[in-house]
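The values are calculated or read from the model by the stated rules, or taken from the named source; none is laboratory data. Values in this document were obtained by computation on a predicted structure and should not be read as measured data. Because the Cβ atoms are built from the backbone with ideal geometry, glycine has one as well, and the counts that use them run over all protein chains shown. All accessible areas refer to the heavy atoms of the entire protein, side chains included, with ligands and DNA or RNA removed. Shrake-Rupley method; radii C 1.70, N 1.55, O 1.52, S 1.80 Å.
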Amino acid sequence: MTAQDTLPRSYEIRTYGCQMNVHDSERLSGLLEQAGYVRAPDGSDGADVVVFNTCAVRENADNRLYGNLGQLVPKKAARPGMQIAVGGCLAQKDRDTIVKRAPWVDVVFGTHNIGQLPVLLERARIAEEAQVEIVESLETFPSTLPSRRESAYAAWVAISVGCNNTCTFCIVPALRGKEKDRRPGDVLAEVEALVAEGVIEVTLLGQNVNAYGSDIGDREAFGKLLRATGGVEGLERVRFTSPHPRDFTDDVIAAMAETPNVMHQLHMPLQSGSDRVLKAMRRSYRQDRYLGIIEKVRAVMPDAAITTDIIVGFPGETDADFEQTLHVVRQARFTQAFTFQYSKRPGTPAAEMDGQIPKAVVQERYERLVALQEEISWAENKKQVGRTLEVLVAEGEGRKDDATRRLSGRAPDNRLVHFERPAEAVRPGDMVTVEVTYAAPHHLLAERPPLAVRRTRAGDAWERRTTAPAPQPAGVMLGIPTIGAPAAVPGPAVPADGCAC
């Protein structure tokens, strides 16, 4: 036996798609590390196990996957014992097709059985043949699995999985299944354990987060959970994503306004401003209902930053329909909009609809929408100039920080803020108070050193992670298990190509 044979096997996870996939990848990392694997260093030549956590939202998602799998063929040939696993929504949808098109893949697993990955890898190694295991219903709620949290100071907390909606452009419900909610006590126990470890910001996560409680018939369950989460001592910021306008009730607005550590930030997917298109999408609200929610939110939280998702070029969309979308954008004055050109999602009703819009028309509308939203985003951000904000220092948010000698973080309303690096040491997870001196469409700038620096437990936790010895390949994890090295804060809602509800 060589020294190489005694080393723990390394792994790499490549994640595509929505926040739920990002959170699932944290669980996959935790499972692998509990089983004795170690994370491959960034920039390393390769890993013994490469896991693709896939998304099925885009029309070309499969082409992207197979292209990436093809690039691994020579690496696998040169690395005896290397394994490749494919999970997530595309694996749930395509099943045996993956192994047929890429016979060098060792494991295929679905969205409902991510906890089986280490076992499937071992079975594939022993049997020397691909293991494909797709189950139709959730085996174990992902949040009960070990986790390698990607941040020391901010965390995703899943409160539900699956979705009960039937939007014609979205394949997620077919792949994630019907909505299943966690018990409030389990959610709060996870939040409390995270806070005990140093986390000061949590984002409550669900495919349709504010439908929480639908399985027990309590329409106010989500508002109650928001208030209860806000009551966890030591937790400074609470966010949630993504809600559905259909289920957005007044008690949620009240909970946001009345709970001090629930941030005045709302990601509210619009998709289209046209009532006719919304009906074709099977979106169970109309323009008046949507704008009514925005009006209620701003009535009690004038400082609320509201972001959205918009799809341009849905089948049958006319110029008049698109003008209605522009009208809503002008009325709502979103801080930011995640805008997408419609593309067919195989397996969805919209993919078979008449009236598919020519690419050139979609592109022209898309450019007009982006230009309008850029103008609004810039105007809204300019209102922040001169304000004093407390910013949670983040890691990985400012791509030019090293070159500009700045640091970056998130304001309470989730705006990205770049600020002058202070003389004293500031760590990710610490809080700084800055004065905004300049605004761009997608960020704010504080060109003078912070007015104050507040060292936090979260910064302490980040420091412990960066200075502690590497964890042993397998160990005992207490409470809500977390293993980890630092990475980017969850940050803003990042919808997966318009699939958020």
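Quick notes on this one:
- Charge dipole of the chain about the Cα centre (unit charges at C-beta), most positive-ward option of His112, Gly429, Gln324: Gln324
- With DNA, RNA and ligands ignored, accessible area of Arg276 (1.4 Å probe; Å², nearest 10): 130
- In nm, spacing of pseudo-spin labels at Val385 and Val361 (7 Å Cα→C-beta vector): 4.1
- The residues of the chain present an accessible area of 42 Å² per residue when probed at 1.4 Å with all protein chains retained.
- If you take all other residues with their beta carbon under 15 Å from the beta carbon of Val232, and give Lys and Arg +1 and Asp and Glu -1, the sum is -2.
- Using the Cβ-Cβ distance between Ala351 and Arg246 with R0 set to 25 Å, the FRET efficiency from 1/(1 + (r/R0)^6) comes to roughly 0.60.
- Of Lys359/Lys382; Lys359/Lys400; Lys75/Lys344; Lys93/Lys180; Lys296/Lys344, those spanning more than 23 Å from alpha-carbon to alpha-carbon: Lys359/Lys382; Lys359/Lys400; Lys75/Lys344; Lys296/Lys344
- Table column - 3J(HN,Hα) (Hz), the stretch 413-423, Karplus curve with 6.51, -1.76, 1.60, x for Gly and Pro: 8, 6, 5, 7, 10, 9, 9, 4, 5, x, 5
- Stretchable slack from Arg282 to Tyr66, in nm (0.36 nm times residue separation minus alpha-carbon distance): 74.6 nm
- Summed side-chain charge close to Arg286 - residues other than Arg286 whose Cβ falls under 10 Å, Lys, Arg +1, Asp, Glu -1: +2
- Surrounding net charge for Glu220, when Lys and Arg each add one and Asp and Glu each subtract one, Cβ distance under 13 Å: -1
- A DSSP coil position with no more than 11 other Cβ atoms inside 10 Å describes the following trypsin sites (Lys or Arg not before Pro) in the stretch 353-384: Lys383.
- Residues whose placed amide H lies under 5 Å from that of Asp413, excluding near-sequence neighbours: none
- Selection from Gln271, Val38, Val157, by position along the positive dipole direction of the chain (Cβ): Gln271
- Computed magnitude of the charge dipole of the stretch 187-275 (debye, nearest 20; Cβ of K, R +1, Cβ of D, E -1): 180
- Whole-percent pair-distance distribution, where bins are 5 Å wide, for the alpha carbons of the stretch 17-58: 5, 19, 25, 23, 18, 8, 1
- Stretched out straight at 0.36 nm per residue, the stretch from Thr144 to Asp319 would grow longer than its current Cα-Cα span by 58.2 nm.
- Computed from the Kirkwood radius of its Cα pairs, the Stokes-Einstein diffusion coefficient for the stretch 281-342 at 10 °C and 1.306 mPa s stands at 125 µm²/s.
- Relative to the Cα centre, the charge distribution of the chain, modelled as +1 at Lys and Arg Cβ and -1 at Asp and Glu Cβ, gives a dipole magnitude of about 400 debye.
- Around the amide H of Phe52, modelled in the peptide plane, lie the amide H atoms of Arg14, Ala85, Val86, Gly87, all under 5 Å away and 5 or more residues distant in sequence or on another chain.
- Annotation: amide H of Trp156 within the under-5 Å range of Thr203, sequence separation 5 or more or interchain, hydrogens built in the peptide plane.
- Of all DSSP bridge pairs formed entirely within the chain, close to 30 percent run antiparallel.
- Highest average packing first - 334-342, 121-129, 284-292, Cβ atoms within 10 Å: 334-342, 284-292, 121-129
- Hull volume per residue, based on the alpha-carbon atoms of the chain and their convex hull, is 152 Å³.
- With all protein chains in place and a 1.4 Å probe, the accessible surface of the stretch 374-465 carries 49 percent carbon and sulfur.
- Looking at the stretch 408-460, the trypsin sites (Lys or Arg not before Pro) that sit in a DSSP loop and have at most 15 other Cβ atoms within 10 Å of their own Cβ are Arg455.
- Full extension of the chain between Lys178 and Glu122 yields a length gain of 17.1 nm, computed as 0.36 nm times the residue separation minus the alpha carbon distance.
- Residues of the stretch 333-370 with amide N under 18 Å of the 7 Å Cα→Cβ point at Ala299: 333
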